[in-house]
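Asker: Got a structure here, written out as structure tokens. Questions coming.
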Amino acid sequence: MFEPNEVLQVLSGRGAVSAQGIEPVAVRYKVVIERRSGIVVAHGSLTGRHAALHPLWITPDATLHLKDSRRLAVSLTDLVGDTAEFESTEPVAPG
């Protein structure tokens, strides 16, 4: 059996975030991958240029490209200065 909100992995590094019709934006990321109610999800923060992140913040569906070539479907939920918070929009394969 698993614990509720069990942290499986914490990742950090440099990657990119993109969305349809928007150029990829270089970011530093911190991703927390955890199990919630039996589903593996991710959330975390991105740091990049505010002007480049803003169009992604107002777009509901984005993709975070990690340095290990994994891709996460995400939605940016908050943007303050050069830091954005995000949550995955699809279940995540534990790495």
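The values are calculated or read from the model by the stated rules, or taken from the named source; none is laboratory data. A quick note: this is a predicted structure, and the numbers were derived from the prediction, not measured. Here the Cβ positions follow ideal geometry from the backbone for every residue, glycine too, while neighbour counts run over all protein chains shown. Surface areas here come from the heavy atoms of the whole protein model, side chains and all, with no ligands, DNA or RNA. Shrake-Rupley method; radii C 1.70, N 1.55, O 1.52, S 1.80 Å.
Asker: Given Cβ point charges of +1 (Lys, Arg) and -1 (Asp, Glu) and nothing else, what value in debye, to the nearest 20, does the dipole of segment 4-86 about its Cα centre take?
Answerer: On the way: 9 positive and 8 negative charges, 51 e Å.
Dipole about the Cα centre, nearest 20: 240 debye.
Asker: Per residue, how much accessible area does the chain show when a 1.4 Å probe rolls over the protein heavy atoms, in square angstrom? Walk me through the intermediate numbers first.
Answerer: Details: 5710 Å² over 95 residues.
Ligands and nucleic acids excluded, the figure is 60 Å² per residue.
Asker: I would also like to ask the following. With all protein chains present, how much of the accessible area of the chain (probe radius 1.4 Å) comes from carbon and sulfur, to the nearest whole percent? It would help to have the intermediate numbers written out before the result.
Answerer: Numbers: 2900 of 5710 Å².
After summing per-atom areas, the C and S share lands at 51 percent.
Asker: Also: Express in % the proportion of alpha carbon pairs of the chain at distances exceeding 22 Å.
Answerer: Beyond 22 Å sits 23 percent of the P(r) for the chain.
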